[in-house]
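K.L.:
Mind having a look at this structure? Questions to follow.
The values are calculated or read from the model by the stated rules, or taken from the named source; none is laboratory data. If you're wondering where the values come from, they're calculated on a predicted model, not measured in any experiment. Methodologically, a virtual Cβ is constructed for each residue, glycine included, from the backbone with ideal geometry; neighbour enumeration extends over all protein chains shown.
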Amino acid sequence: MKLKILFGALALVGVATLAIAATDPVLMWINKKEVKMSEFEYLYKKNLEQQVNKEGIDEYINRFVDYKLKVAEAERLGYDTLPRIKEEINGYKDDMLAPFLTDTELQEQLVQEAYERMKTDVDVSHIMLPRGRSKAEEKKQIAKMDSIRNCILNGEDFSELVMKYSVDPSRENNRGEYGFISSGVFPYDFEKVVYDTPIGELSKPFVTDYGVHMVKVNGYRPNEGQVEVGHIMRKFPSGQVTENDKMAVKAKIDSIYTCIKNGESFEELAKSFSQDPRSAREGGKLAPFGHNYMPKSFEDVAFSLPDGEISEPIETPYGYHIIKKYAHIPLGTIEDCRESIEKRINNDQRSLMPIESKCNQIMKDLNYKKTDGLQEYILKEIKAHGGFDSTYVADVLAKSDYTMFTYGNGVKVPLSHLAQTINPKTKVASDEIAAAVLDASVERVARQEIVKYYTDNIVDLNPDYRNLLNEYRDGTLLFEVMSKEVWNKAKNDNAMLTQRFENNRSKYQWNEPHFKGVIICAKNDSIMNEAIAMYQSIKDEPEDSVTTALNKKFGRNIKMVRSVSKQGENEMVDYVAFGGKHVESTYIGYPVFRILFGRMLNQPEEMSDVKGLVASDYQDALEEEWIAALHKRHKVKIDNKVLNQLKKKYK
């Protein structure tokens, strides 16, 4: 079937700046249904991108009208009301909404930022205090860390202060010296401070979910990429490990190393003796890794070992290892790393940043304005009631029509909306704190209200969304109506196709001979010989009976391919009919093939030999007649002033 949708495959385009107030005049009416200039311009520009010889407005407008008439006919026939069509369009509508609620520019900036950081490792020293169980305790810990910072700036030893104050569990081993760390290993809020702190300087105290931190940046080095290694591991026993335990494990790993030196296979020894079950199954091979993913002693050897070399046994906190280096993998391009970067972003606090940024932009574009003096008004009402309690929430706040914020073209949202999100049993220390808490909740309620309004009305508020949705909707309807009115008619009307062929044989001539017949493919020579022997016994029967019998007998051990092909169109036909090169990849798993029956033709014998060409011509004729009828059935009105604006713009 020759699909001829005019506007090509759909592709999600970048979300443009919200243009709520932008003028978007009506370009035309199809049966009084408006078609905005932005929709025409969106499709016209998309069409230009796909053309070598650029098409002018005058030429394109005619094709656009034909396109819209076909959609109008689909609507007249009720395709837009079919449950499966409505379900498909609604599903697409929901799927395409997410990018319009995300700041895609910021999203890309975060990817770029992460990749730039991946190019450099940072040598870091770290001290951590507990965060505390309340804001007041957290504030005290920040002040304490600030005092420690001043001590270091005044010359006191960093590592000694780490041992005295830090609660980082790793301090016993590293005295606060993390060494070089790579981007993507630590939480984003920690990493951001590390990469933003200049060499030789101390950061200011900062807070993460894990505690109150301060870091010192000692230096940078280029990212060394990843290594691909295998290892044979002998574990230390669980619990307290004695020197005798270590000696026993060392003796075992040494005996394995001796076997390797004597020429035995590293991979086979790993399968038999390594106590890392997951890698042992793969001959000891580990997934590629970068810095900070393995114990330092393991990592140092893995990165320093030449490709193809095997290390002597080394010790880590978990046991002894023999390492085989397979390859060093340098840092890839941003596109190589994009998938892993985006996965990290989606799994930390950065995932919300593009959404919050877009939300802020929507609120700005929709003229969000919080009422001046709102907190003072709330405090006055609380005091008039006699204090903040559940009856205040139910009897005062929930019934208040006082405007807490406005948006859009003067939409007023009353304080009563706030009551729906407040816990009436919340304990507060004073009326002033209660008023401050309520006032601080206003923006959260506003964000929910305004984003809901935006998503409910996005078709009217965002031309990019509207045009993309219209394109998908119209394309879906167009496919349905074209299938019924053109493609299926042309494909299934064999009587008309045969008649067109017979009446126009001279139009369907070949310049080169074609092979016409059936090729049989088999899984091996013995199956092929059996199939050919069976064919010889039934070859006088009708062709369809022969192929049916062979399929029934041999099932999936054979394939039969019917073909009408000239040289160069089919590798298998080239081999069996034109003396070309044998290509096993044509039918993977069926490397043996022969002509079952067939012959060479200089010209097509019957319509089926050129059915694709005949059907295509018939489609064109049917479509031309159909479009002419649509122009008579549906009314089109074009605003020439708007059309002339477009002509001047794209002159």
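K.L.:
Please indicate, with yes or no, whether at least one residue in region 465-484 is in contact with a Gly (Cβ under 7 Å, 6 or more places away or on another chain) and surrounded by 17 or more Cβ atoms within 10 Å (Cβ to Cβ).
P.N.:
Checking region 465-484: not a single residue is in contact with a Gly (Cβ under 7 Å, 6 or more places away or on another chain) and surrounded by 17 or more Cβ atoms within 10 Å (Cβ to Cβ).
K.L.:
Determine whether region 163-184 contains at least one residue that is part of a helix (DSSP H, G or I), out of contact with any strand residue (DSSP E or B) (no Cβ under 8 Å at 6 or more places or on another chain) and modelled with pLDDT of 95 or more.
P.N.:
yes
K.L.:
With the structure loaded, tell me whether Leu497 is touching a residue at least 60 places away in the same chain (Cβ under 8 Å), closer than 30 Å to Thr391 by Cβ, surrounded by 15 or more Cβ atoms within 10 Å (Cβ to Cβ) and of a type outside the set (Phe, Trp, Tyr) or whether it fails that test.
P.N.:
No, not satisfied.
K.L.:
Give the residue, chosen from Val486, Val445, Val518, Val459, that is in contact (Cβ under 8 Å) with a residue 24 or more places away in the chain, farther than 30 Å from Asn570 by Cβ and among the β-branched types (Val, Ile, Thr).
P.N.:
Going through Val486, Val445, Val518, Val459 in turn, just one is in contact (Cβ under 8 Å) with a residue 24 or more places away in the chain, farther than 30 Å from Asn570 by Cβ and among the β-branched types (Val, Ile, Thr): Val445.
K.L.:
Would you check if there is a residue in region 116-131 being assigned by TED's automatic domain parsing to the domain that holds Arg171, charged (D, E, K, R), in a loop (DSSP other than H, G, I, E, B) and surrounded by 14 or more Cβ atoms within 10 Å (Cβ to Cβ)?
P.N.:
yes
K.L.:
While we're looking at this one, here's another question. Residue pairs, Cβ under 6 Å, 6 or more apart or interchain, first in region 563-583 and under 13 Å from Pro513 (Cβ atoms), second among the hydrophobic types (A, V, I, L, M, F, W, C). List them.
P.N.:
Partner pairs satisfying both residue conditions: Ser565/Phe515; Ser565/Val573; Gln567/Phe578; Val573/Phe515; Ala577/Phe515.
K.L.:
Just one of Leu643, Leu596, Leu630 is surrounded by 18 or more Cβ atoms within 10 Å (Cβ to Cβ) and assigned to a helix (DSSP H, G or I); which is it?
P.N.:
Leu630
K.L.:
Go through region 204-241 residue by residue and tally those that are assigned to a loop (DSSP other than H, G, I, E, B), in contact (Cβ under 8 Å) with a residue 40 or more places away in the chain and touching an Asp or Glu at 6+ places or on another chain (Cβ under 7 Å).
P.N.:
The qualifying residues number 3.
K.L.:
Could you grab me the full set of residues in region 185-203 that are of a type in the set (Asp, Glu), in a helix (DSSP H, G or I) and either surrounded by fewer than 19 Cβ atoms within 10 Å (Cβ to Cβ) or outside the structural domain of Asp157 (by TED's automatic domain parsing) (or both)?
P.N.:
Hits for region 185-203 are Asp189, Asp196.
K.L.:
Checking the structure you have, find out if any residue of region 308-316 is in contact (Cβ under 8 Å) with a residue 40 or more places away in the chain, of a type in the set (Ser, Thr, Tyr) and touching a helix residue (DSSP H, G or I) at 6+ places or on another chain (Cβ under 6 Å).
P.N.:
The answer is no; no qualifying residue exists.
K.L.:
When you scan region 610-619, do you find a residue that is of a type in the set (D, E, K, R) and assigned by TED's automatic domain parsing to the domain that holds Val564, even just one?
P.N.:
No: region 610-619 contains no residue that is of a type in the set (D, E, K, R) and assigned by TED's automatic domain parsing to the domain that holds Val564.
K.L.:
Report, by residue number, each residue of region 65-104 that is part of a helix (DSSP H, G or I), of a type in the set (Asp, Glu), within 31 Å of the chain's Cα centre (by Cα) and surrounded by 14 or more Cβ atoms within 10 Å (Cβ to Cβ).
P.N.:
Answer for region 65-104, where residues must be part of a helix (DSSP H, G or I), of a type in the set (Asp, Glu), within 31 Å of the chain's Cα centre (by Cα) and surrounded by 14 or more Cβ atoms within 10 Å (Cβ to Cβ): Asp80, Glu88.
K.L.:
Checking Arg556 against (1) basic (Lys, Arg); (2) surrounded by 13 or more Cβ atoms within 10 Å (Cβ to Cβ); (3) more than 30 Å from Asp493 (Cβ to Cβ), which single condition isn't satisfied?
P.N.:
(2)
K.L.:
Hey, another quick one. Of (1) modelled with pLDDT of 95 or more; (2) in contact with a strand residue (DSSP E or B) (Cβ under 9 Å, 6 or more places away or on another chain), Glu108 satisfies all except one. Which?
P.N.:
(2)
K.L.:
Sticking with this one: Restricted to region 521-538, and to residues that are of a type outside the set (Val, Ile, Thr), surrounded by 12 or more Cβ atoms within 10 Å (Cβ to Cβ) and in contact (Cβ under 8 Å) with a residue 40 or more places away in the chain, which residue is nearest to Val576 (Cα to Cα)?
P.N.:
Only one residue tops the list, namely Cys521.
K.L.:
Still on this structure, I have one more. When you scan region 248-316 for helices (runs of 4 or more DSSP H) that lie fully inside it, which ones turn up with 1 or more residues that are modelled with pLDDT of 95 or more, touching a Cys at 6+ places or on another chain (Cβ under 9 Å) and surrounded by 13 or more Cβ atoms within 10 Å (Cβ to Cβ)?
P.N.:
It comes to 266-273.
K.L.:
Is it true that Ile334 is in contact with a strand residue (DSSP E or B) (Cβ under 6 Å, 6 or more places away or on another chain) and either surrounded by fewer than 16 Cβ atoms within 10 Å (Cβ to Cβ) or in the same structural domain as Arg447 (by TED's automatic domain parsing) (or both)?
P.N.:
So Ile334 does not fit the description; no.
K.L.:
Which of the following residues is closer than 24 Å to Gly155 by Cα and within 33 Å of the chain's Cα centre (by Cα): Asp209, Asp168, Asp196?
P.N.:
Within the list Asp209, Asp168, Asp196, the selection yields Asp196.
K.L.:
Here is a follow-up. For region 365-374, name all the residues that are at pLDDT 95 or above and in a helix (DSSP H, G or I).
P.N.:
Selection gives Leu374 alone.
K.L.:
Of (1) surrounded by fewer than 14 Cβ atoms within 10 Å (Cβ to Cβ); (2) at pLDDT 95 or above, Pro604 satisfies all except one. Which?
P.N.:
All conditions pass for Pro604, except number (1).
For every residue, the table says whether it meets (1) under 19 Å from Lys370 (Cα atoms); (2) in contact (Cβ under 8 Å) with a residue 60 or more places away in the chain.
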{"position": "Ser416", "(1), (2)": "yes, no"}
{"position": "Gln420", "(1), (2)": "yes, no"}
{"position": "Asp431", "(1), (2)": "no, no"}
{"position": "Asn470", "(1), (2)": "no, yes"}
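K.L.:
Check off (1) in a helix (DSSP H, G or I); (2) in contact with an Asp or Glu (Cβ under 6 Å, 6 or more places away or on another chain) for Gly580 and give me the number that stays unchecked.
P.N.:
(1)
K.L.:
How many residues, within region 428-474, are over 25 Å from Glu41 (Cβ atoms) and either within 23 Å of the chain's Cα centre (by Cα) or not basic (Lys, Arg) (or both)?
P.N.:
Residues meeting the conditions: 24.
K.L.:
Are any residues in region 34-52 out of contact with any helix residue (DSSP H, G or I) (no Cβ under 8 Å at 6 or more places or on another chain) and assigned to a helix (DSSP H, G or I), and if so, which ones?
P.N.:
Residues satisfying the conditions are Lys45, Lys46, Leu48, Glu49.
K.L.:
Only one residue in Gly410, Gly373 is more than 19 Å from Arg447 (Cα to Cα), surrounded by fewer than 16 Cβ atoms within 10 Å (Cβ to Cβ) and in the same structural domain as Lys452 (by TED's automatic domain parsing), so which one is that?
P.N.:
Result of the check over Gly410, Gly373: Gly373.
K.L.:
Please go through (1) modelled with pLDDT under 95; (2) of a type outside the set (Val, Ile, Thr); (3) surrounded by fewer than 18 Cβ atoms within 10 Å (Cβ to Cβ) for His417 and return the number of the only condition it doesn't satisfy.
P.N.:
Every condition holds for His417 apart from (3).
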